[in-house]
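Since the structure comes first, as structure tokens, the remarks are kept for the end.
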Amino acid sequence: MTQSWRFFLTFLGLLFVSDRGLLETHSIYAQVPSRHDLRFPALARQWDEAIPLGNGLVGTLVWQKGKALRFSLDRADLWDLRPVAELQGPRFRFAWIRQQVLKEDYRPVQELADLPYERDPGPSKIPAGALQFNLGSLGDVELVQLHLENALCEVKWKGGARLRTFVHATQPVGWFRFDNLPSTLSPEIIPPPYGGLEPLADKRKNSVEGDDLRRLGYAPPRIVKDRQTLRTIQPGWGGFSYEVKVSWESASPGRLVGAWSISTSRSNGLSGTSAKLPEGELLTEAYRQALGAQESWWRQYWRQSAISLPDPVLEKQWYLELYKFGATSRRGAPPISLQAVWTADNGRIPPWKGDFHHDLNTQLSYWPCYSGNHLEEGLAFLDWLWEIRPAALRYTGTFFETEGLNIPGVTTLAGEPMGGWAQYSFSPTVSAWLAQHFYLHWRYSADRKFLEDRAYPWIREVALFLEGISIRDSSGRRELPLSSSPEINDNRIDAWFQKTTNYDLALIRWLYGAAAELANELGKKEETARWQRILSEWPDLALSSEDRRLLVAPGIPLNRSHRHFSHLMAIHPLGLVDWANGPQDQQTIRSALAELERLGPGEWCGYSYSWLGNLAARGRDGERASRALRIFAECFCLPNSFHANGDQSRSGKSNYTYRPFTLEGNFAFAAGVQEMLLQSQRGVIRLFPAIPAGWKDVSFEKLRAEGAFLVTARRLQGEVQEVTIVSERGGRLRMADPFMPGRFTINGGPLPGQQTGNEVIEIDTKPGMTLQLRRQ
């Protein structure tokens, strides 16, 4: 039995049984409303507007190219892993970069780090190819629909033909079934255009637009065709190859059933998961079974959490983001990269090589899994980080020449550095931000084994690294030898700061605070004292003397619009500056939000609006949060909900109007909605902390709070009516009283350890206990 199913069965019991016996309660299991399905009157004519399907490992985009129905195929571990020559030599040292900065001779650094990233086609994520079906006999499309409930794409033609296609929930297989076909139809595999002549110099593009796939230099694929099967075997770099296979059967007149799969192999013995496709008459029954497994998996997925908002735009977008999260993040598969399992199908290398950017992109992508109650899917990220840890330790020892753990800011699938802007691709605080995800999983799951085996060991190694790399200033305070604040001043020498920036400092201060907290939880008194001492040796955050707003670095304010709110990390996601701390922190948050508004959104991307939604929610500003998230949904998303970075409405929400598709803005949006509905940092659960005044009727089911509490709450006519809390692990529940002034009942009467007063309800809970609070 899988962990997710064990959780589901356990939760069924928790709904009805507590330590007090049977409860008269009920729950409406969350199912995504069909009104949130994607519906179009025609197939998309561009790959990045296609219907997206996936299961974390493989994915497809369903659209129309010319006169053909096209399935753009992808697999998350399809990677060209050629090394970067410049990152193998003796100059590849943090100390050497610092010397060049101090000498004010920065061009050699750019030539070391960024030049090969722009110059070389690899390393890079690569596409798999496509399946195509000739549409000539089918006529005009009547309806294209993505059913979110079971992740199935349906296409209906006016002539009566119908297609149903999906990616299997747990196997690296895609399925399709055509009914009512007027004539014979069969699939064709279209390999990516790796072959052909070397592209002309004037066809070269930068890393944002994506270079020509032919520059990778692959040999043509080998094609093997039988009567009802077709395979292409594509050689790649360094002994890597992958196979695309499709099998089909004309089960009866007018019907075509088939399946496709992608498998991988490497010369070093590493190989990806593959699947044996059924063939011939077995396909029809296999399709039926696969569809049943598909519906079962997604039914359970949607039962994990749900929301109901009076704003239909935000509600629909949240469900679309949770759908994409379920389609792109699964344990056993690589984590979410820039485009995950939907690599560009345009004959080019994907934007930014489809890589793993850790100066924002991977981190934002996993924000929604915690309060959204999708910890299992979130573990795909943490499993991978642990898997690439040996490579990271080697990188740390070689590049930083110290012990401990750091990860390159831009990495391949194998965790190796790829280069890019040195300030961010080789930042010393990358692993500190990644460490927060280990910490959050512990805080939201209360999984003691995870704390002991993964969370604290990771955080401890990062703490050792930051201790080793730090230097002392003239007053004896610790500082970084070089600091930066993504992506302030881009790739110029002045993007390095001599004084530690608020971005780096917030991460460092958070890291040592977390290290001390977890060491104390594990009873490691000496290590607790060590981390507390080192924390005290770092300076405080740099604030403006005028209004306490956060600066970029000591004496350096943010002086222009910028897409990356790196100087505000202390507010969100780190929570060092918190509204609950009182007037001073509240002023800092208000001043930070006012500064962003004053400088304007001219240089923002879509993810900036998503992040602003989270920041505003932490500032208890529901109006600003909902406005920012609505702008994201309406102006920065393509019709299929993909985040396109630039302002697609061209309505002045950003100076950027381009459309490189990346996913982090989508998932940060979902987290922003959840922050409006539920917050639990600093050990106190707060219901509806940042909703607009006009939102009178709002509810959510089974959002997750720190301490492993599952919370369901309903607000009607502006007042919280009912709250149900399931305590998975037991422990002290602390919740800001949503019924003020204390007019409520808990399970019909008082409980042992129950305390009310000071605006906080406190209850001692046991594992599996269910609490039901109702307004009197």
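The values are calculated or read from the model by the stated rules, or taken from the named source; none is laboratory data. Because the structure is predicted, anything quoted here is derived from the model rather than measured. Quick reminder, even Gly has a Cβ in these numbers, built from the backbone with ideal geometry, and neighbours come from all protein chains shown. Just the protein is used for accessible areas: all its heavy atoms, side chains included, with ligands, DNA and RNA removed. Shrake-Rupley method; radii C 1.70, N 1.55, O 1.52, S 1.80 Å.
Tell me which lysines have Cα within less than 18 Å of K125's Cα, excluding those fewer than 8 residues away on the same chain?
K205, K353
Can you pull the accessible area of R231 for me, 1.4 Å probe, Å² to the nearest 10?
Approximately 70 Å² of R231 is accessible to the 1.4 Å probe.
Which net charge results when you count Lys and Arg as +1 and Asp and Glu as -1 among the other residues whose beta-carbon is under 12 Å from that of P601?
Counting the neighbours of P601, the net charge comes to +2.
May I ask you to give the solvent-accessible area per residue for the chain, in square angstrom, as obtained with a 1.4 angstrom probe?
Result: 37 Å² of accessible area for each residue.
Please compute the volume of the convex hull spanned by the alpha-carbon atoms of region 277-396 and report it per residue in Å³.
Per-residue hull volume (Cα only) is 183 Å³.
How big, in percent, is the set of alpha carbon pairs in region 522-634 lying more than 24 Å apart?
Summing the P(r) of region 522-634 above 24 Å gives 31 percent of all pairs.
Report, in deg cm²/dmol and to the nearest 500, the calculated mean residue ellipticity at 222 nm for the chain, where each DSSP H run with n ≥ 4 adds -39500 (n - 2.57) and the sum is divided by the residue count.
-9000 deg cm²/dmol
So for the pair D453, L638, with labels modelled 7 Å out along Cα→Cβ, what separation do we get in nm?
Each label point lies 7 Å from its Cα, and together they span 4.0 nm.
With each pseudo-label sitting 7 Å past Cα toward Cβ, what's the N520-S137 distance in nm, one decimal?
Modelled inter-label distance: 7.3 nm.
For region 613-750, compute Rg over Rh where Rg is the Cα radius of gyration and Rh is the Kirkwood radius from the inverse mean 1/r over Cα pairs.
When Rh is taken as the Kirkwood radius, the ratio is 1.06.
At R227 and K766, where each label point lies 7 Å from the Cα along Cα→Cβ, what is the point-to-point distance in nanometres?
It works out to 6.7 nm between the two label points.
What does the charge dipole of region 40-150 about its Cα centre add up to, to the nearest 20 debye, if the Cβ of each Lys and Arg holds +1 and the Cβ of each Asp and Glu holds -1?
320
Relative contact order, percent, of region 363-512 when contacts are C-alpha pairs under 8 Å separated by at least 6 residues?
Once normalised by length, the contact order is 20 percent.
What number, in nm² with one decimal, is the all-direction average of the projected area of the convex hull of the alpha-carbon atoms of region 59-146?
9.4
Work the Kirkwood hydrodynamic radius out for region 651-730: mean of 1/r over every pair of different alpha-carbon atoms, inverted, in Å.
Taking every pair of different Cα atoms in region 651-730, averaging 1/r and inverting gives 14.7 Å.
Compute for region 349-451: radius of gyration divided by Kirkwood radius, i.e. Rg/Rh, restricted to C-alpha atoms, rounded to two decimals.
0.98
Report the one residue of L291, L38, Q648 whose Cα lies farthest in the direction of the positive end of the charge dipole of the chain (charges on C-beta: Lys and Arg +1, Asp and Glu -1; origin at the Cα centre).
Going by the Cα projections, it comes out as L291.
What is the sum of charges, Lys and Arg at +1 and Asp and Glu at -1, for the other residues whose Cβ falls under 14 Å from the Cβ of R549?
Charge balance in the 14 Å sphere: -2.
Within straight cross-link reach of K245, meaning Cα distance under 18 Å, which lysines are found once same-chain residues fewer than 8 apart are removed?
K225, K276
Say the dipole of the chain comes from +1 at the beta carbon of Lys and Arg and -1 at that of Asp and Glu; which of L687, S561, L434 then lies farthest toward its positive end?
It is L687.
Rounded to the nearest 0.05, what FRET efficiency is calculated for L115 and E401 with R0 set to 30 Å and r the Cβ-Cβ distance?
According to the calculation, E is roughly 0.80.
Taking a ≥ b ≥ c as the square roots of the eigenvalues of the Cα gyration tensor of region 471-513, is the shape rounded (a/c under 1.5), prolate (a/b larger than b/c) or oblate?
In terms of gyration-tensor shape, oblate.
Pop out the carbon and sulfur fraction of the accessible area of the chain as a percent, whole number, probe 1.4 Å.
The C+S portion of the solvent-accessible surface of the chain is 48 percent.
How large are Rg and Dmax for the chain when only the alpha carbon atoms are used, in Å?
26.3, 84
Give the value in nm², to one decimal: projected area of the alpha carbon convex hull of region 117-193, averaged over all directions.
Its Cα hull, projected and averaged over all orientations, spans 7.8 nm².
For region 91-114 and region 377-456, compute the distance between their C-alpha centroids and round to whole Å.
Centre-to-centre distance over Cα atoms comes out at 24 Å.
What order do you get for 300-307, 36-43, 430-437 when each peptide is scored by the mean count of other beta carbon atoms within 10 Å, highest first?
Peptide ranking by packing, descending: 430-437, 300-307, 36-43.
Please list, or write none, the lysines whose alpha carbon is within less than 20 Å of the alpha carbon of K156, excluding same-chain residues fewer than 8 places away.
K65, K67
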